[in-house]
1. Out of residues 5 or more away from Ser163 or on other chains, whose amide H comes under 5 Å of its own, with H placed 1.01 Å from N in the peptide plane?
2. Debye sum, Cα scatterers, the stretch 1-133, no solvent: what log₁₀ I/I(0) at q = 0.09, 0.13, 0.21 1/Å?
3. Using label points projected 7 Å from each Cα along Cα→Cβ, tell me how many nm separate Ser48 and Glu83, to one decimal.
4. Top mean-square fluctuation among Ser48, Ser131, Ser219, Gaussian network model of the chain, C-alpha springs under 10 Å?
5. Over the stretch 177-254, give the accessible area per residue in Å² for a 1.4 Å probe, as an integer.
6. Beyond a 27 Å Cα-Cα separation, which of these cross-linked pairs lie in this structure: Lys4/Lys82; Lys79/Lys190; Lys4/Lys109; Lys66/Lys236?
7. Cut-off 10 angstrom, C-alpha nodes, Gaussian network model of the chain. Which of Ala60, Ala214, Ala113 fluctuates the most?
8. Over the chain, with a Gaussian network built from C-alpha contacts below 10 Å, which listed residue (Ala30, Ala111, Ala59) shows the highest mean-square fluctuation?
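The values are calculated or read from the model by the stated rules, or taken from the named source; none is laboratory data. The model shown is predicted, which means the values in this text are computed figures rather than measured ones. Neighbour counts run over all protein chains shown; Cβ positions are idealised from the backbone, glycine included. These accessible areas exclude ligands, DNA and RNA; they are computed on the full protein's heavy atoms, side chains included. Shrake-Rupley method; radii C 1.70, N 1.55, O 1.52, S 1.80 Å.
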Amino acid sequence: MIGKVFEIKKPLICYFMAGYPSVEDSIKTAEVLLENGADILEVGFPFSDPVADGITIQAAHEKAVKDGITPVKVFEITKTIKERFPDKPLIAMTYYNPIFKMGEENFCKTAKANGIDGLIVPDLPPEEGESLKKIANQYGLSVIFLLAPTSHEKRVKLVSNMSDDFIYYVSITGITGERESLPWQELKSKVEKIKKMTDKKIAVGFGVSKGEHAKIISSFADGVIVGSAIVKLQGKKDFEELKSLVKELHDSIS
C-alpha cells in the first residue's frame, strides 16, 4: 500500500502523536490531515525517552505517556482511523522499547490487525533490524530505515537493502523540530548522491515546516515528511490552522 502511493505521486507524509492532547483530539488531527492533503500518516507512539525528538514532540510524548497512552491504546486509535480512511497508509513511528516489551511478533501481528501498514523505528539500526524486518514482512508490514547526512556509502547500501518501500532521509544532524531554513544545496547534493546508489524512493524529513520547504524538497526528493509543525498545532487544538498548513504543504509539492 505504501509503495503504491509513491508510484502515483510524491507523497506528503505527516506525523502526529497518538493520544495527544487527548485520544479524541489525536483522531481529529488525523482526520484533518487526511482530509486536506496528507497521503501517508506516521503515527507517533508515546515513549518516555524520545531521544531523536525535539522539544515540541518531546512534550507531546511526555503528556501522552502521563495520560496513560499505551501501545494498545494507540492501536485502538489506528483502528478507528483506518476504518474511516481505509485507503490511506498508516506507519507506526515508534522507538524499539515498546516493540521489545510486547515482543516483535505480537507487536507486528497487533499492528497489522489494527490498520498499520509499516514501521519506522528510529533507534533501531539496520544492523540489528533483521529479526523485526523478517517478522514484519511476514505480516505484510513494510519496514523503513533512516539515513542521515553522516551516513557513509556502506550504510547507504545496507539501508537500501533493508528498507522496503522508501528510505527516510534525515535532512540534518540532530533532533526533530521546525526550522526557518535548511542547508538546501548540501541536502540536494546528498539526496542526489544517494539516489545514484539505490532504486528506493527517498522521503526527506526533520525541520520541514512550511510550503516553501516542501516545494524545494520535492524538486529533488520523492516525498516530504512533516512532524513538529503539525504536533505544535495538534497540541493547541488549532485545527483550522492545521488545515491551512496541510493544504499549503500539499499544494507546494511538485
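1. Phe145
2. Reported log10 I(q)/I(0), two decimals: -0.24, -0.51, -1.36.
3. 3.2 nm
4. So, out of Ser48, Ser131, Ser219, the one fluctuating most is Ser131.
5. Per residue, the stretch 177-254 has 47 Å² of solvent-accessible surface.
6. Values: Lys4/Lys82 17 Å; Lys79/Lys190 37 Å; Lys4/Lys109 22 Å; Lys66/Lys236 18 Å.
Flagged as over cut-off: Lys79/Lys190.
7. Ala113
8. The residue that fluctuates most here is Ala59.
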